[in-house]
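The values are calculated or read from the model by the stated rules, or taken from the named source; none is laboratory data. Because the structure is a prediction, the values reported are computed rather than measured. Neighbour counts are summed over all protein chains in view; Cβ atoms, including those assigned to glycine, are modelled from backbone coordinates with ideal geometry.
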C-alpha cells in the first residue's frame, strides 16, 4: 500500500495519467523523473481517484533480485483483475530499472496479457532517463507512453507551500525539503545527504560504469558553483585538477543531466555538429542544488548582488531546462566574441532569445541585437528589470512564452 499524502496538492500531470488509465488498455505507462519530485505520490493520487484494485511494489530494496520478482508481482496483480470494475486493475512497479533484465520480462508478460485481453494497466516508475536507457526503447518499442515529471516549478511551490519568489530562488523546488526552509542549515543537510548523495550513489554510480567517481562528484560541485557560466571542458579539467580527457567529462555531465541534477547547455549555431562541439553553459536543474553546495545563508545570498544575480539566472534557466527535459522545447545559449544571449529556446520553427536581468539598474548586454541580425528569431524577451518580471516568467509554463 502506498504511503499517505503529505499535502493535498496535485501536480498537473495527475490528470494526464488518470485519463490514460481510464482509457482501454493500450500502453505501459512509464513515469520518469528525478528523485523526490513526487512520482510515487502522483501514482497514489491517481489510483485513489480510480477506486481500482492496485498492486504496488518497489524494487528499491537490496534483497530483491531477478526477473522472477517482476513475474511474482505481475501474477498477484492479475488476480486483482476479477475484483475490478470496467477499468480493470493496476500494477505499479517502482524503481523497476534496478532489476536486471527487467524490460524483457515486462515485454513477455505484457504481450501475454495483450493476447488474452486482460485489462491489467501497468505503471512503471524510475529515475529518468536511466530507466529509458536500460531497455525501454528496444524491448518495449511501441508498447509504452512516457510521462516525465520535472522538478517542481515556482507556481507549484507557491500553491503547495506558500513560497514567495525569494524563497523559491534560494530553496528551489524540492517538496520534501520545503518544511525545513525555516531552518536553512538543517534544510541544507537534508538536500546534501538525502537528495544529492542518494542520487549520485544510488542512481548514477551503481547503475552506470564510472571509472572516476571522484571526478564525477567534483564535476557536479563545479557545475553547481558555476551555474549560469560558460566553461570549456579544458578549463573544467584545470579547475578539477584532473588529467582526464574532455570526452569523459562530457559523458559525466550527460549522466548528471539524466539524473535531473545539472546539465551543460550547448551553443545555438543552427548546426547540430557545431552545437555539440561548443563549450557548455553549466546549468542546475533545481536552484536548491546550487544553494546547498555553495552553502551561504539566504540572507547572505540576498546581500551579494553578483551571487544573487547568478541565482536568478539559474532559476530562469532551470525553468527552461525542465521544460526541455519534458520535450516541450530545446534549450541553448549563444555567444559570439564579446556578445552573448543568456538563453535561446527552440520549438519547431519558433526561436526565442531570452536575456535575464536580475536588477532594475543593470545594463542590458548588446547580445540580443547581434543574435537578431544573425538568426532572425520570432521573438526576443527581456526577463527582469523593466521587462517581464521574474515572478511572472516563472509562474507561466514555458510554451506560453514560445507560442503566445
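Checked against (1) closer than 13 Å to residue 292 by Cα; (2) surrounded by fewer than 18 Cβ atoms within 10 Å (Cβ to Cβ), residue 177 passes all but a single condition, namely (2).
Among the residues of segment 2-14, those identified as out of contact with any strand residue (DSSP E or B) (no Cβ under 8 Å at 6 or more places or on another chain) and either surrounded by fewer than 13 Cβ atoms within 10 Å (Cβ to Cβ) or at pLDDT below 90 (or both) are 3, 4, 5, 6, 7, 8, 9, 10, 12. Residues in segment 355-390 that are under 15 Å from residue 310 (Cα atoms) and buried (at least 20 other Cβ atoms within 10 Å of the Cβ) were compared, and the one that is modelled with the lowest pLDDT is 358.
Kindly establish whether residue 300 is in contact with a helix residue (DSSP H, G or I) (Cβ under 9 Å, 6 or more places away or on another chain), under 26 Å from residue 180 (Cβ atoms) and surrounded by 23 or more Cβ atoms within 10 Å (Cβ to Cβ).
Numbers: in contact with a helix residue (DSSP H, G or I) (Cβ under 9 Å, 6 or more places away or on another chain): yes; under 26 Å from residue 180 (Cβ atoms): yes; surrounded by 23 or more Cβ atoms within 10 Å (Cβ to Cβ): no.
In short, no.
Within segment 22-68, the set of residues being over 24 Å from residue 198 (Cα atoms), touching a strand residue (DSSP E or B) at 6+ places or on another chain (Cβ under 8 Å) and in a helix (DSSP H, G or I) comprises 47, 50.
Tell me yes or no: at least one residue of segment 310-331 is at pLDDT below 95 and in a helix (DSSP H, G or I). Among the residues of segment 310-331, at least one is at pLDDT below 95 and in a helix (DSSP H, G or I), which makes the answer yes. For segment 192-218, a tally of residues being within 18 Å of residue 245 (Cα to Cα) and under 19 Å from the mean Cα position of the chain (by Cα) returns 2.
If a residue must be more than 13 Å from residue 346 (Cβ to Cβ) and at pLDDT 95 or above, how many such residues does segment 391-404 contain?
Going through segment 391-404, the residues more than 13 Å from residue 346 (Cβ to Cβ) turn out to be 391-397, 400, 404.
Restricting the remaining residues to those that are at pLDDT 95 or above gives 391-397, 400.
Qualifying residue count for the region: 8.
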